[in-house]
Amino acid sequence: QVQLEESGGGTVQPGGSLKLSCRSSENIFFLNTVGWYRKAPGKERELVADINVGGKIQYTDSAKGRFTISRDGAKKEVYLQMNSLNPEDTAVYYCHANRLTRQYWGQGTQVTGSS
């Protein structure tokens, strides 16, 4: 069982920045992919960004150019640097990982882009 714990959420003014962190209980290089999803009120949960074991990264279109995903294998952590935040980024952000057929989720951290 992989446990994921997020931190770093909060409220920011438009144009502000936040950095989310996700700590894994296991070596992140033993996971197929690790990344971030978000769930906004009234919307479906969507992928924000993820990175696979080989280092391939993908972003949702709204995150491209503003958000950066990175990882630190020694710390077993994955990060999401979010810049130029706006109210449309308001959501609960979840750390996600998968290994073979199993999926793992963190508890989520709230990000609010105030207007």
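For (1) in contact with a His (Cβ under 7 Å, 6 or more places away or on another chain); (2) in a strand (DSSP E or B); (3) open to solvent by 20 Å² or more (accessible area, probe 1.4 Å); (4) in contact (Cβ under 8 Å) with a residue 60 or more places away in the chain, each residue gets a yes or a no:
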site: P41; (1), (2), (3), (4): no, no, yes, no
site: I51; (1), (2), (3), (4): no, yes, no, no
site: G55; (1), (2), (3), (4): no, no, yes, no
site: Q58; (1), (2), (3), (4): no, yes, yes, no
site: C95; (1), (2), (3), (4): no, yes, no, yes
site: T112; (1), (2), (3), (4): no, yes, yes, yes
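Can you tell me how many residues in region 97-107 are in contact (Cβ under 8 Å) with a residue 40 or more places away in the chain and either farther than 16 Å from S25 by Cα or assigned to a helix (DSSP H, G or I) (or both)?
Residues in region 97-107 being in contact (Cβ under 8 Å) with a residue 40 or more places away in the chain and either farther than 16 Å from S25 by Cα or assigned to a helix (DSSP H, G or I) (or both): 1 in total.
Suppose we filter T11, T33, T60, T112 for residues that are hydroxyl-bearing (S, T, Y) and touching a helix residue (DSSP H, G or I) at 6+ places or on another chain (Cβ under 9 Å); which single one remains? Spell out the reasoning first.
Working: T11 fails: touching a helix residue (DSSP H, G or I) at 6+ places or on another chain (Cβ under 9 Å); T33 fails: touching a helix residue (DSSP H, G or I) at 6+ places or on another chain (Cβ under 9 Å); T60 fails: touching a helix residue (DSSP H, G or I) at 6+ places or on another chain (Cβ under 9 Å).
Going through T11, T33, T60, T112 in turn, just one is hydroxyl-bearing (S, T, Y) and touching a helix residue (DSSP H, G or I) at 6+ places or on another chain (Cβ under 9 Å): T112.
Considering region 1-18 alone, what residues qualify as being under 12 Å from E77 (Cα atoms) and open to solvent by 30 Å² or more (accessible area, probe 1.4 Å)?
To start, the set of residues in region 1-18 that are under 12 Å from E77 (Cα atoms) comprises 3-7.
Correct list: Q3, E5, S7.
Mind checking which pairs have a first residue in region 64-92 that is under 13 Å from L18 (Cβ atoms) and open to solvent by 40 Å² or more (accessible area, probe 1.4 Å) and a second that is at pLDDT 95 or above and of a type in the set (V, I, T), Cβ under 6 Å, 6 or more apart or different chains?
Taking only residues 6 or more apart or on different chains, the pairs are Q81/T68.
The values are calculated or read from the model by the stated rules, or taken from the named source; none is laboratory data. None of the values given here were measured: they were computed from a predicted structure. Cβ atoms come from the backbone with ideal geometry, glycine included; neighbour counts cover every protein chain shown. Each accessible area value is taken on the protein alone, full model and side chains, heavy atoms only, with ligands, DNA and RNA left out. Shrake-Rupley method; radii C 1.70, N 1.55, O 1.52, S 1.80 Å.
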